[in-house]
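First the structure, in the form of C-alpha cells, and then the observations on it.
The values are calculated or read from the model by the stated rules, or taken from the named source; none is laboratory data. On a predicted model such as this, the values are computed, not experimentally measured, just so you know. Cβ placement follows ideal geometry from the backbone for every residue including glycine, while neighbour counts extend to all protein chains displayed. We work out accessible area using only protein heavy atoms, side chains counted, and drop any ligands, DNA or RNA first. Shrake-Rupley method; radii C 1.70, N 1.55, O 1.52, S 1.80 Å.
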Amino acid sequence: ELLLDEILGKEASVFELRALIGFKGQKIAEIEQQTGAIVRIDQGERPRLRISGSQVEKDKVVKLIREWLSGSKTEFMPLDKSMHGSLIGVRGRVVRWMEERSGARISFQTDKETAEIGMLVCGSEQQCSAAIELARDILENEKFE
C-alpha cells in the first residue's frame, strides 16, 4: 500500500483524489489498462493506493500518477453560502456544465486554513481560470448557457 501523499510528495487534495479516480472510475481504468496493474483506492483521511501486479507494473502506475497530477493546481473562490445553489443547480446540472466547459473539477467546501466557505477548483491553470470565470458570469447574470 502507498499513501497518495507519498506518491505526490505533498498532501493530496480531495480534487487530486477525484481527478485520479475520474468520472465513474474512468481514470483508474485507463491507468490499469496502460500498466497491466490493478489499482484500488482506500479513501480516508489519508488516501491509500493498493496496487497489485509486478514491480514494473507498480512503478508504471506511480509514474503515471505523478505525471498526470503534477500539472494540477488548486484555487479557492470564496463565496457566500447563499450562492452555492446558483452554482450547483438542480441535481448538480450547473456545476457539471462548468466542469465540462472548463475541464476543471469543482466542489464546494470550507477552506481548512481560513474557515471561509467557497468553491474549490482543481485542474491546469487555464482550466481553473475558465471555471472561475464561468462561475463569476453565472453569478452576475444569474443564468448559464
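Read through the list (1) farther than 23 Å from L3 by Cα; (2) among the polar types (S, T, N, Q); (3) without any contact (Cβ under 8 Å) to a residue 40 or more places away in the chain, then give the number of the only condition that S86 fails.
(3)
Return the residues of the range 93-113 that are surrounded by fewer than 21 Cβ atoms within 10 Å (Cβ to Cβ), farther than 16 Å from V14 by Cβ and in contact (Cβ under 8 Å) with a residue 12 or more places away in the chain; say none if nothing qualifies.
Across the range 93-113, the qualifying residues are V94, W97, R101, G103.
Given the conditions (1) open to solvent by less than 70 Å² (accessible area, probe 1.4 Å); (2) within 28 Å of I28 (Cα to Cα), which single one is not true for S70?
(1)
Identify the single condition in (1) modelled with pLDDT of 85 or more; (2) over 19 Å from the mean Cα position of the chain (by Cα); (3) of a type outside the set (V, I, T); (4) closer than 25 Å to E142 by Cα that M77 does not satisfy, given that it satisfies every other one.
Unmet for M77, out of (1) modelled with pLDDT of 85 or more; (2) over 19 Å from the mean Cα position of the chain (by Cα); (3) of a type outside the set (V, I, T); (4) closer than 25 Å to E142 by Cα: (2).
How do the helices (runs of 4 or more DSSP H) wholly within the range 69-145 filter down when requiring 3 or more residues that are among the small types (G, A, S) and closer than 21 Å to E16 by Cβ: which remain?
Once the helices (runs of 4 or more DSSP H) in the range 69-145 are filtered for at least 3 residues that are among the small types (G, A, S) and closer than 21 Å to E16 by Cβ, what remains is 125-141.
All but one of (1) under 17 Å from L17 (Cβ atoms); (2) under 15 Å from the mean Cα position of the chain (by Cα); (3) at pLDDT 85 or above; (4) surrounded by fewer than 19 Cβ atoms within 10 Å (Cβ to Cβ) hold for V62, so report the exception by its number.
Unmet for V62, out of (1) under 17 Å from L17 (Cβ atoms); (2) under 15 Å from the mean Cα position of the chain (by Cα); (3) at pLDDT 85 or above; (4) surrounded by fewer than 19 Cβ atoms within 10 Å (Cβ to Cβ): (2).
Give the range 7-35 a look and list any residue that's open to solvent by 50 Å² or more (accessible area, probe 1.4 Å), touching a residue at least 60 places away in the same chain (Cβ under 8 Å) and not β-branched (V, I, T), or say none.
Once the filter is applied, which keeps residues that are open to solvent by 50 Å² or more (accessible area, probe 1.4 Å), touching a residue at least 60 places away in the same chain (Cβ under 8 Å) and not β-branched (V, I, T), the range 7-35 yields only R18.
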